[in-house]
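Novice: Quick one: this structure, given as structure tokens, is what I'll be asking you about.
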Amino acid sequence: MKVHCGFIRNGGAEMDPVDIKYVKKCRFVVASGIFDGYDVPHQPSNISPRSKRLFCFLMVVDEESLSFIKSNVTVTEDDKGGKWVGIWRLILLKHSPYDEPRRNGKVPKILTHRLFPQTQYSIWIDGKMELIVDPLLILERYLWRGKHTFAIAQHKHHRSIYEEADANKRRKRYARPLIDLHMKIYKYEGMEPWNARKSYPSDVPEGAFIIREHTPINNLFSCLWFNEVNLFTPRDQLSFGYVVYRLGGSFKFFMFPNCEYNSLFILHPHTREHSSKIEWVKNISEFEGKGSSLKETRGGLGLWTPYPGNLKTVVLPPTERTSKAG
């Protein structure tokens, strides 16, 4: 079986040769990313001398973010051309593959094993986070102690992807009719709302913090997860549970309590409010005529490709708002 995963050469998301050479030595990685200049790097704290020797701290950025970072914080350059902000090595991704910054950010987040193929263990944190726990302790607590290979936190408010989708629409995280279409496809393909009979506590993770060993099954899961993000909406929390469902129990993971998740980092605000025109779309008719410019041209193409099933018969499960913040 062949699984498409990532981009071919000259297809987008390309690294500089100096960075490709640098990451070849990285077996343990703390990775993060900043796209479209929405954040600046936050220096981790409580990092042990051993972790500083063992881990590469890699901050993946696009060209706009690199320019923004240079104008707001001190960026140093080593004798081999590598760029640094404190402990973070800046990894420039040239030729962003998508129009939408949120979707571009999923490349290093989900395809960590493709960007850094020599890596054995990685910890992903979103760019707005400041890590405050030693990464070796994180690996010990969430992977090695329980003999897990993939760990991710449970969402604070939602367990069903349909609840999360409803919250995404209310909070204008993507075009409402396209979120509905995304969910109708999953419902048609058999994805039921989460229930207590499932072997894991939630279908919805907190996707901002991912801890993994780069095993073949985890790499396969990441490829399949990214393919869903590429094909449909960029909201990766909506597709995580679906990929778990389709793998039928082959993918094992540890979903830890949300209260522990919040003890691992300090959350900083973005430098500005994120907003793209497609997030404000309320009706599919808004994409017609002059509104066609609202469509992404390089991502989410599965939302505009005729689906082979009859989605008109699909009724989305009712959702109940479980939290004011949700």
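No value in this document is a laboratory result; all are computed from the given coordinates. For clarity, every value in this text was computed on a predicted model and none was experimentally measured. In this analysis, Cβ positions are derived from the backbone assuming ideal geometry, glycine residues included, and neighbour counts consider all displayed protein chains.
Novice: Which angle from 0 to 90°, rounded to the nearest 10, does the C-alpha axis of helix 236-246 make with the longest principal axis of the chain?
Specialist: Roughly 70 degrees between the two axes.
Novice: Further, regarding this structure: What distance in nm lies between label points placed 7 Å from Cα along the C-beta direction at Lys156 and Ser276?
Specialist: With each label point 7 Å from Cα toward Cβ, the separation is 2.4 nm.
Novice: Scattering from the C-alpha atoms of segment 16-174 alone, worked out with Debye: what is log10 I(q)/I(0) at q = 0.10, 0.11, 0.17, 0.18 1/Å?
Specialist: -0.40, -0.48, -1.11, -1.22
Novice: In degrees between 0 and 90, to the nearest 10, how far off the longest principal axis of the chain does helix 176-188 point, with axes built from Cα atoms?
Specialist: Value to nearest ten degrees: 80.
Novice: Can you pull the one-decimal nm distance between simple spin-label points at Lys147 and Lys24, each 7 Å off the Cα toward Cβ?
Specialist: Taking the simple label geometry, Lys147 and Lys24 are separated by 3.6 nm.
Novice: Would you mind calculating the relative contact order of segment 1-72 from Cα pairs under 8 angstrom and at least 6 residues apart, reporting the percent as a whole number?
Specialist: That works out to 37 percent.
Novice: Here is a further query. Give me the dipole magnitude in Debye, nearest 20, for segment 99-237 about the Cα centre, with unit charges on the beta carbon: positive for Lys and Arg, negative for Asp and Glu.
Specialist: Roughly 280 debye, rounded to the nearest 20.
Novice: Could you state the number of Å between the C-alpha centres of segment 271-312 and segment 87-147?
Specialist: If you average the Cα positions of each part, the centres end up 28 Å apart.
Novice: Going by a ≥ b ≥ c, the root eigenvalues of the Cα gyration tensor, does segment 275-322 fall in the rounded group (a/c under 1.5), the prolate group (a/b larger than b/c) or the oblate group? Provide the component values of the computation, followed by the final result.
Specialist: Working: a/c = 2.07, a/b = 1.30, b/c = 1.59.
Taking the square roots of the gyration eigenvalues as a ≥ b ≥ c, segment 275-322 is oblate.
Novice: Read phi for every residue in segment 87-94 and hand back ³J(HN,Hα) as whole Hz from Karplus 6.51 cos²θ - 1.76 cosθ + 1.60, θ = phi - 60°, with x for Gly and Pro.
Specialist: Couplings: 7, 7, 8, 7, 10, 7, 9, 8 Hz.
Novice: Moving to a separate point now. Would you grab the residues whose amide H sits under 5 Å from the one on His155? Only those 5+ places off in sequence or on another chain, please, with H modelled 1.01 Å from N.
Specialist: Val204, Glu206
Novice: Next question, about the same structure. Take the alpha carbon atoms of the chain, find their radius of gyration, then divide it by 2.2 N^0.38 Å using N residues; give the quotient.
Specialist: 0.98
Novice: Same structure, new question: With charges set only on the Cβ (+1 for Lys and Arg, -1 for Asp and Glu), what does the dipole of the chain come to about its Cα centre, in debye to the nearest 20?
Specialist: Charge dipole, the chain, about its Cα centre: 540 debye, nearest 20.
Novice: Relative contact order of the chain: what whole-number percent is it, with Cα pairs under 8 angstrom and at least 6 residues apart?
Specialist: Relative CO of the chain lands at 24 percent.
Novice: While we're here: Determine the shape class of segment 32-86: with a ≥ b ≥ c the square roots of the Cα gyration tensor eigenvalues, call it rounded for a/c under 1.5, and otherwise prolate if a/b is greater than b/c, oblate otherwise.
Specialist: It is prolate, given that a/c is not under 1.5 and a/b is the larger ratio.
Novice: Extension gain Ala196-Trp84, at 0.36 nm per residue separation less the Cα-Cα distance, in nm?
Specialist: Values: separation 112, 0.36 × 112 = 40.32 nm, distance 4.64 nm.
Extending this stretch completely gives an extra 35.7 nm.
Novice: GNM on the chain, C-alpha springs below 10 Å: top fluctuator among Cys56, Cys259, Cys26?
Specialist: Ranking Cys56, Cys259, Cys26 by mean-square fluctuation puts Cys259 first.
Novice: Provide the gained length on full extension for the span Glu260 to Glu64, in nm with one decimal, where the gain is 0.36 nm per separating residue minus the Cα-Cα distance.
Specialist: Working: separation 196, 0.36 × 196 = 70.56 nm, distance 3.36 nm.
Difference between extended and current length: 67.2 nm.
Novice: Placing +1 at every Lys and Arg Cβ and -1 at every Asp and Glu Cβ, with all other atoms neutral, what dipole size does segment 59-177 have around its Cα centre, in debye to the nearest 20? Mind dumping the intermediate values first?
Specialist: Values: 22 positive and 15 negative charges, 127 e Å.
The calculation lands at about 600 debye.
Novice: As a test of the definition: which semi-axes, in Å, follow for segment 1-105 when you take the square root of five times each eigenvalue of its alpha carbon gyration tensor? Largest first, please.
Specialist: Semi-axes, largest first: 23, 18, 14 Å.
Novice: Add -39500 (n - 2.57) for each DSSP H run of 4 or more in the chain, then divide by its residues: what number comes out at 222 nm, to the nearest 500 deg cm²/dmol?
Specialist: For the chain, the value works out to -8000 deg cm²/dmol.
Novice: Using only the Cα atoms of segment 226-303, build the gyration tensor, take square roots of its eigenvalues as a ≥ b ≥ c, and label the shape rounded, prolate or oblate: rounded if a/c is under 1.5, else prolate if a/b is larger than b/c, else oblate.
Specialist: Verdict is oblate for segment 226-303.
Novice: Please compute, for the alpha-carbon atoms of segment 98-197, the extent along each of the three principal axes and give them in descending order in Å.
Specialist: In descending order, the Cα extents are 42, 40, 26 Å.
Novice: Additional query: Can you tell me which lysines have their Cα less than 26 Å from the Cα of Lys94? Leave out same-chain residues fewer than eight positions away.
Specialist: Lys21, Lys24, Lys25, Lys70, Lys80, Lys83, Lys106, Lys109, Lys128, Lys277, Lys295
Novice: Cα centroids of segment 188-249 and segment 1-75: how far apart, whole angstrom?
Specialist: When both Cα centres are located, 24 Å separates them.
Novice: Using the alpha-carbon atoms, what tilt in degrees (0 to 90, nearest 10) does helix 161-170 show relative to the longest principal axis of the chain?
Specialist: 90
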